[in-house]
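No value in this document is a laboratory result; all are computed from the given coordinates. None of these values were measured; they are calculated from a predicted model. Quick reminder, even Gly has a Cβ in these numbers, built from the backbone with ideal geometry, and neighbours come from all protein chains shown.
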Amino acid sequence: MALIPLKQTVLQVTANGEDAYGYPVESPPIPLKCRFDERSDVVRTPNGDEVTTLGRFHFDKAVQVAYGDTLRYTDDFGNTTDYQPKLIAPIRGLNGKRVLLRVDV
């Protein structure tokens, strides 16, 4: 059970290499429960660059998200947007265990 309600859904798409013409081959989308907040923040990426993010996803502690993945989110009005993770950081509880996964996009 997550710390906050995860009532929204996002599709995680992973690139599995390239086809014969050089276009990326995507894996089948995996639906994930999440919480998405549209916000604008400045974060520091793992390689030290400062970037502006458009939103923040919160996932359950057992979800695996990588920097090369695409998060395809459909909002309440039916608009679909593809996001690329810019910062992936676990949120830990007082006991040191992972409680949530935060992904800034």
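Which of the aspartates and glutamates could be linked to residue 97 by a straight reach, that is with a Cα gap under 19 Å, when you skip same-chain ones fewer than 8 residues away?
Filter leaves 60.
Rg to Rh ratio, the chain, alpha-carbon atoms and Kirkwood radius?
We get a ratio of 0.99 for the chain.
May I ask for the net charge around residue 37, where only other residues with Cβ less than 14 Å from the Cβ of residue 37 are counted and Lys, Arg are +1 while Asp, Glu are -1?
0
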